[in-house]
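The values are calculated or read from the model by the stated rules, or taken from the named source; none is laboratory data. Computed from a prediction, not measured in an experiment: that's the story for all the values here. All Cβ positions, even for glycine, are placed from backbone atoms using ideal geometry, and neighbour counts span all protein chains on display. The accessibility values were calculated without ligands, DNA or RNA, using every heavy atom of the protein model including side chains. Shrake-Rupley method; radii C 1.70, N 1.55, O 1.52, S 1.80 Å.
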Amino acid sequence: MNQRPIFIDEAVQMILQHVCSAGAHLLNLPETEGHILAEDLYASTDVPHFSKSMMDGFAIRSEDVQDASFSSPVTLKVIDEVMAGEVSSCRLQPGEAIRIMTGAPIPAGADAVCRFEQTRDGFKQNIREVAILTPVRAGESISFCGEDIQKGQLLLSEGSQIGPSEASILATFGIADVPVFKKPRVGIVSTGSELVDYRSTAEEVSDGKLRNSNSILVSQLIQQHGGIPRIYPYVSDDPEALQERLRSMLEREDIVVFTGGVSVGDKDYIPHICRETGVDIKFWKVMIRPGQPAMFGVFGKRLVFGLSGNPAACFINALLFLVPAIRAMNGRKGDQVTLPALTARLIGDVGQKPVKHTRFLRGNVFLDEGQLFVDIQRAQSSAIMSSFLGTNCLVRIDSDHIPKHGELVSIYQYGLIGKPV
Ligand SMILES: Nc1nc2c(c(=O)[nH]1)N[C@H]1C(S)=C(S)[C@@H](COP(=O)(O)OP(=O)(O)OC[C@H]3O[C@@H](n4cnc5c(N)ncnc54)[C@H](O)[C@@H]3O)O[C@H]1N2
Ligand code: MOO
């Protein structure tokens, strides 16, 4: 089976063309962290929906205390008190005050709140009179009805990611069942007769064997980007077993991910068994390094990925191809779909000759005096795992130009931006 290698941007576009939304459903608000909103939501009321006090003090008429001073206080009659959660039934008349706590509704007739600290002995409970020591302007220490959010206003738009702030807004409006996009189900299976379970003891990992780390790597990436991963037991290089596994995964999952077995070795069966099972292979081999053997196909609405077996190549394939598919499938749009793209100044030389491929190097992007720099001084082979540590981005090196130390380069961020080391 031969397939023309394609370029990276074409490959990503091809994947996104075949993404179908996993659909929407209602989810209990406490479970919505990290989900993507499936509808625009509008404010059903004003917030606050009543004018309330911002301070503990006295609700007053500002005109009564215009001439108040420390040496010549204005004494007001205290006619009632109102706590948060209560409503005073009194209406203020000239010369009157109502003791009020933060959060309580402003009584009728009052237009300002005078804080305890602006009174003499106002902290004391059950007082009948209060001496006001300073003038208070109209509106002082009041949060007015609708001041924060107005009824009918767009609160959150479709595509917003729900986090603590968004969830608290939803709770404010009593939106207990939230319309969110379903997270895609993603099955992962690593292939290769050299693999043993990651829980295997040192004695069980004999020469030629190695623990399956790719399944865990891909599973955590899926979780990070809004998919529901399911790790299937690894399968040895046996076409029948692989085909059986593929069939059962296609029945249960929205996305099927293979790692390993996608190259041209004698035991690299994945592209062939995919085709035999009816997967329409859209590409096999991309002009990138590492991770060139990557494969992508569709089976009805299901997506099938074959990622390189080499751990670093697997990671880069997953970041470039699988992550955008998951993010698009769970409702993200536009530039939210791919990893954040930034520009940073390169530290160090690429140290490699120009090739027709687009290279992706693991780097550490950091902020120094307001500028982004990216350090690529680490081993970059596709089998090297040590440079997973301490990196947070992929540096893109296109075929036509090898940048030098100090040049601006494009990066795709996958971890938090660091500080200078
Ligand atoms: N004649 C050619 N040979 C190869 C080519 C090529 O174009 N022509 N491409 C090379 C490149 S590039 C890569 S990358 C590898 C990819 O091969 P596969 O995706 O088929 O991966 P495997 O051969 O199965 O494994 C490669 C390597 O990674 C280790 N591995 C595999 N799975 C796991 C796992 N789950 N956890 C940890 N490590 C894993 C495996 O033991 C191998 O060492 O092909 C080149 N060959
Ligand atoms: O491109 Mo391979 O992915 O070098 O290891």
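Figure the gain on full extension for LEU342 and THR45 (residue separation times 0.36 nm, minus the Cα-Cα span) and round it to one decimal in nm. Present the calculation step by step, with values, prior to reporting the outcome.
On the way: separation 297, 0.36 × 297 = 106.92 nm, distance 3.96 nm.
103.0 nm is the gain from fully extending LEU342 to THR45.
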Mind jotting down the distance between the C-alpha centroids of the stretch 1-60 and the stretch 79-119, whole Å?
-> 40
What would the Debye formula give as log10 I(q)/I(0) at q = 0.21 Å⁻¹ for the alpha-carbon point model of the stretch 237-368, no solvent?
-> -1.29
In a shell of Cβ-Cβ distance under 14 Å around ASP266, excluding ASP266 itself, what net charge do Lys and Arg (+1) and Asp and Glu (-1) give?
-> -3
Would you list, by chain and number, the lysines whose Cα falls below 29 Å from the Cα of LYS404, excluding same-chain residues fewer than 8 positions away?
-> LYS285, LYS353, LYS356, LYS419
With all protein chains present and a 1.4 Å probe, how do VAL264, VAL355, VAL218 order by accessible area, largest first?
-> VAL264, VAL355, VAL218
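For the chain, which whole percent of the accessible surface, found with a 1.4 angstrom probe, sits on carbon and sulfur atoms? Could the numbers behind the result be given before it?
Details: 10190 of 20510 Å².
In the chain, the share of accessible area belonging to carbon and sulfur is 50 percent.
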Taking the Cα atoms only, what angle lies between the long axis of helix 214-224 and the longest principal axis of the chain, rounded to 10 degrees?
-> 30
Calculate the length of the line joining the C-alpha centroid of the stretch 363-421 to that of the stretch 276-316, in whole Å.
-> 25
When Lys and Arg each count +1 and Asp and Glu each count -1, what net charge do the other residues less than 14 Å away from ARG185, Cβ to Cβ, add up to?
-> +3
Please give the length that would be gained between SER71 and ALA383 if that part of the chain were fully extended, namely 0.36 nm times their separation in residues minus their C-alpha to C-alpha distance (nm, one decimal).
-> 104.2 nm
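Take each of the peptides 377-390, 288-301, average the number of other beta-carbon atoms within 10 Å over its residues, and list them starting from the highest.
Details: 377-390: 13.8, 288-301: 21.2.
Answer by packing, highest mean first, reads 288-301, 377-390.
Relative contact order for the chain: what is it in percent, counting Cα pairs under 8 Å that are at least 6 residues apart? If you can, show how the numbers build up before the last one.
On the way: 980 pairs, mean separation 68.4, N = 421.
Relative contact order of the chain: 16 percent.
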Give me the angle, in degrees from 0 to 90, between the Cα long axis of helix 8-17 and the longest principal axis of the Cα atoms of the chain, rounded to the nearest 10.
-> 70
Per-residue SASA entry for THR45, accessible area with 1.4 Å probe, Å² rounded to 10 | 60
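Filter LYS151/LYS333; LYS124/LYS151; LYS183/LYS267 down to the pairs with a C-alpha to C-alpha distance above 30 Å, please.
Those over the limit are LYS124/LYS151; LYS183/LYS267.
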Per residue, how much accessible area does the stretch 169-259 have with a 1.4 Å probe, in Å²?
-> 48
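Please give me the summed charge of the neighbours of ILE347: other residues whose Cβ is under 15 Å from its Cβ, Lys and Arg +1, Asp and Glu -1.
Details: positive: ARG345, ARG362, ARG378, LYS404, LYS419; negative: ASP349, ASP368, GLU369, ASP375, GLU407.
For residues surrounding ILE347, the net value is 0.
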